[in-house]
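Input: a single structure, listed below in structure tokens.
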Ligand SMILES: [Zn+2]
Ligand SMILES: [Zn+2]
Ligand SMILES: [Zn+2]
């Protein structure tokens with residue numbers, strides 16, 4: 001039936017023990033991989049296991065997702081101003097992770 005709400009179910013994320021970043025960097029220069037290769041990013045994401053800064057899936061090179069595939073690090077968090085959501089690639093679930101301090105200053109996207 002239209003508008004019938006699906007129950008909120010599914011297993012919670014089981015990868016929180018992979019989160020090793022407790023404080024966001026004060027400032028980042030952009031997507032690490034785009035800066036190295038001359039690419040351009042739209043939005044920035046940070047890996048909560050190692051602190052790698054990559055670009056989102058709207059960016060041409062999707063370096064945050066590529067980093068997940070290369071390392072199996074499971075969880076990223078948005079570095080966009082005012083955004084504090086995280087995402088587990090393995091469980092494909094959005095998360096709000098408490099206990100991560102700070103907010104990163106980021107440069108404007110080269111594409112926006
Ligand atoms: Zn997970
Ligand atoms: Zn990138
Ligand atoms: Zn990582």
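Sorting the segments 45-57, 20-32 by their mean number of nearby beta carbons within 10 angstrom, highest to lowest, gives 45-57, 20-32. Pair-distance distribution of segment 29-95: all C-alpha pairs, bin width 10 Å, starting at 0; shares per bin in whole percent are 25, 59, 16, 0. Paramagnetic label reach from residue 83 (point 7 Å along Cα→Cβ; backbone nitrogen cut-off under 12 Å): within segment 16-58, residues 42-46, 54-58. Simple spin-label estimate for residue 103 and residue 22 gives 2.2 nm between the two label positions (7 Å along the Cα-to-Cβ direction from each Cα). Stokes-Einstein diffusion of the chain at 20 °C, 1.002 mPa s viscosity, Kirkwood radius from Cα pairs, rounded to a whole number: 146 µm²/s.
No value in this document is a laboratory result; all are computed from the given coordinates. Quick caveat: nothing in here was measured; it's all calculated off a predicted structure. Cβ: placed from backbone, ideal geometry, glycine included. Neighbour counts: every protein chain shown.
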